[in-house]
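The values are calculated or read from the model by the stated rules, or taken from the named source; none is laboratory data. Not measured: the values here are computed from a predicted model. Every residue, glycine as well, gets a Cβ built from its backbone with ideal geometry; the counts of neighbours run over all protein chains shown.
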Amino acid sequence: MPGALRRSTVWASALMVVASLLAVVAGDALVAQGQVRLSTIRSQVAAAEVAQKAAQVEVAEKAAPPVVVAQAKTQGLVVPQTVVYLPQVPLNVPLPVPQTAPSPPKR
């Protein structure tokens, strides 16, 4: 009986070692797969950032004041003779409610 007990203990120990090694290999494979996925996503983000920067440059070139003025002139717009500046209004002062409907008749 002691020999059989010893053999079963050795087999159980060997089985636990093999199962542990398989668990480590499976975990390593999952980590590697996650790293590949992360690398793919990072390259996609880098490509999207390059595209965004290119779009920002394009918008900045189209919105540059000389370009806007030139395009306005081609559409027939002219420089105004006088410019009227509106007074500055404080934003922390509440405005009265505007009258949008006619007042009810007084009796």
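Taking the condition surrounded by fewer than 10 Cβ atoms within 10 Å (Cβ to Cβ), outside any helix (DSSP H, G or I), of a type in the set (A, V, I, L, M, F, W, C) and modelled with pLDDT under 90, does Leu91 pass? Spelling it out, Leu91 is indeed surrounded by fewer than 10 Cβ atoms within 10 Å (Cβ to Cβ), outside any helix (DSSP H, G or I), of a type in the set (A, V, I, L, M, F, W, C) and modelled with pLDDT under 90. Among the residues here, Glu58 qualifies as under 30 Å from Val79 (Cα atoms), surrounded by 10 or more Cβ atoms within 10 Å (Cβ to Cβ) and at pLDDT 95 or above.
Please work out if Val97 is modelled with pLDDT under 90 and either more than 33 Å from the chain's Cα centre (by Cα) or surrounded by 10 or more Cβ atoms within 10 Å (Cβ to Cβ) (or both). The answer is yes for Val97. Taking the range 61-88 as the range and being surrounded by 10 or more Cβ atoms within 10 Å (Cβ to Cβ) and not aliphatic (A, V, I, L, M) as the test, the residues that pass are Lys62, Gln71, Lys73. Can you tell me which of Val45, Val25, Val78, Val68 is out of contact with any Gly (no Cβ under 7 Å at 6 or more places or on another chain), modelled with pLDDT under 95 and in a helix (DSSP H, G or I)? The match here is Val68.
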